[in-house]
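The values are calculated or read from the model by the stated rules, or taken from the named source; none is laboratory data. What you see is a predicted model, and the numbers here were worked out from it, not measured in a lab. Quick reminder, even Gly has a Cβ in these numbers, built from the backbone with ideal geometry, and neighbours come from all protein chains shown. When the accessible area is computed, the model is the full protein with side chains, heavy atoms only, and any ligands, DNA or RNA have been set aside. Shrake-Rupley method; radii C 1.70, N 1.55, O 1.52, S 1.80 Å.
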Amino acid sequence: MEQRVLGRTGRAVSVVGLGTWQLGADWGEVDEAEALSVLDAAVSAGVTFFDTADVYGDGRSEQIIGRFLKDHPDVFVATKMGRRAPLDPGEYTLDNFRAWTDRSRANLGVDVLDLVQLHCPPTAVYSSDAVFDALDTLVAEERIAAYGVSVETCAEALTAIARPGTASVQIILNPFRLKPLERVLPAAAEAGVGIIARVPLASGLLSGRYTKETVFAADDHRTFNRHGEAFDQGETFSGVDFATGVEAAAEFSALAPAGATPAQTALRWIIQQPGVTSVIPGARSAEQARANAAAAALEALPESTLAAVRELYDRRIRAQVHDRW
């Protein structure tokens with residue numbers, strides 16, 4: 001699989017990575033054996049990059065990855081911190097950062113974390129010199145090799161990109177979320193900052209498998225956070241109203257080239273956006289992990305398809321999401 005350098009980390013990672021939120025919680029239960037089979041299938045298909053967080057399953061996702069790393073130490077693992085405490089800028093201190101990263105190092109079974117990302121913190125955090133000084137201290141203390149940010153908005157991304165130590169920015173990017181293409185991706189490319197594209201399938205909408213009658217489990221965020229009840233609404237269905245999303249996804253599915261699924265088409269669309277380093281779809285089965293990885297081998301989508309994606313976004317999606325994030 002194609003490898004791209006992840007910004008200021010200087011390390012190469014696969015263009016299709018693996019998001020592991022679903023291995024911890026908030027997508028329904030996944031047992032450990034199945035979780036390990038997902039990790040194994042992804043790596044066997046060429047994936048060299050996992051994304052996790054200290055709060056996914058209260059550390060369960062990190063712990064499962066840690067067990068996998070014992071036999072696969074070369075996988076690059078990005079984790080996140082900052083959501084183990086109230087979302088208050090005053091919580092983003094060096095002492096807390098040390099405690100949180102110590103916990104992640106223990107969970108993952110490593111001495112040095114490859115990459116730690118601030119986990120969608122309050123907007124004020126991105127403008128705090130003290131926060132970034134503390135992150136630099138973690139690097140100097142060799143607790144972490146590099147740091148980045150996971151953001152909700154394009155404005156937050158641009159503020160973070162301007163920081164000289166920011167290695168990467170993780171942001172929602174998919175055919176139903178085009179705003180990052182305007183300024184964020186060009187700014188990141190100019191600064192040498194990596195871009196990790198998350199929520200690439202708009203919480204599964206872009207797979208084309210759902211109807212307006214689809215019901216998700218009670219412990220699935222697509223049930224309990226549909227209107228932003230638990231965390232930022234943009235994390236669920238990219239902030240798109242479910243009924244609208246289902247209709248738009250049906251149109252998107254018709255754009256898939258022969259031999260490719262709608263989900264693979266969405267991933268291929270992201271991969272070929274200038275400035276993207278890696279896209280991190282989740283997978284709840286080995287089959288899904290292999291199918292996601294296969295998107296990297298698809299031929300580039302033609303200009304006619306790219307234009308059709310933009311037209312669909314402008315007509316069906318833009319009014320709901322463009323000015324919010």
- Give region 243-278 a look and list any residue that's more than 21 Å from the chain's Cα centre (by Cα) and more than 24 Å from residue 213 (Cα to Cα), or say none. 257, 258, 259, 260
- Please specify each residue of region 246-268 satisfying the condition of being open to solvent by 10 Å² or more (accessible area, probe 1.4 Å) and assigned to a helix (DSSP H, G or I). 246, 247, 250, 251, 253, 262, 263, 264, 268
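Could you list, in sequence order, all residues of region 173-198 that are hydrophobic (A, V, I, L, M, F, W, C) and in contact with a helix residue (DSSP H, G or I) (Cβ under 6 Å, 6 or more places away or on another chain)?
Step one: list which residues in region 173-198 are hydrophobic (A, V, I, L, M, F, W, C), which gives 173, 176, 178, 181, 184-185, 187-189, 191, 193, 195-197.
173, 176, 178, 184, 187, 188, 191, 193, 195, 197, listed by residue number.
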- Would you check which residues across region 52-111 are β-branched (Val, Ile, Thr) and closer than 16 Å to residue 132 by Cα and list them? 93, 101
- Query: Which members of region 273-284 meet the condition of being farther than 16 Å from residue 185 by Cα and open to solvent by 30 Å² or more (accessible area, probe 1.4 Å)?
  - Reply: 282, 284
- Query: Would region 98-110 turn up any residue that is closer than 23 Å to residue 219 by Cα, part of a loop (DSSP other than H, G, I, E, B) and open to solvent by less than 50 Å² (accessible area, probe 1.4 Å)?
  - Reply: no
- Query: When you look at residue 211, is it more than 28 Å from residue 188 (Cβ to Cβ) and assigned to a helix (DSSP H, G or I), yes or no?
  - Reply: no
- Matching residues in region 24-58 - criterion: being closer than 22 Å to residue 266 by Cα and of a type in the set (A, V, I, L, M): 38, 39, 41, 42, 43, 45, 47
- Query: Of all residues in region 285-325, how many are open to solvent by less than 50 Å² (accessible area, probe 1.4 Å), part of a helix (DSSP H, G or I) and hydroxyl-bearing (Ser, Thr, Tyr)?
  - Reply: 2
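Would you list the strands (runs of 3 or more DSSP E) that sit entirely within region 124-203 and hold 3 or more residues that are of a type in the set (A, V, I, L, M, F, W, C) and open to solvent by less than 30 Å² (accessible area, probe 1.4 Å)?
The strands (runs of 3 or more DSSP E) meeting that bar are 166-172, 194-198.
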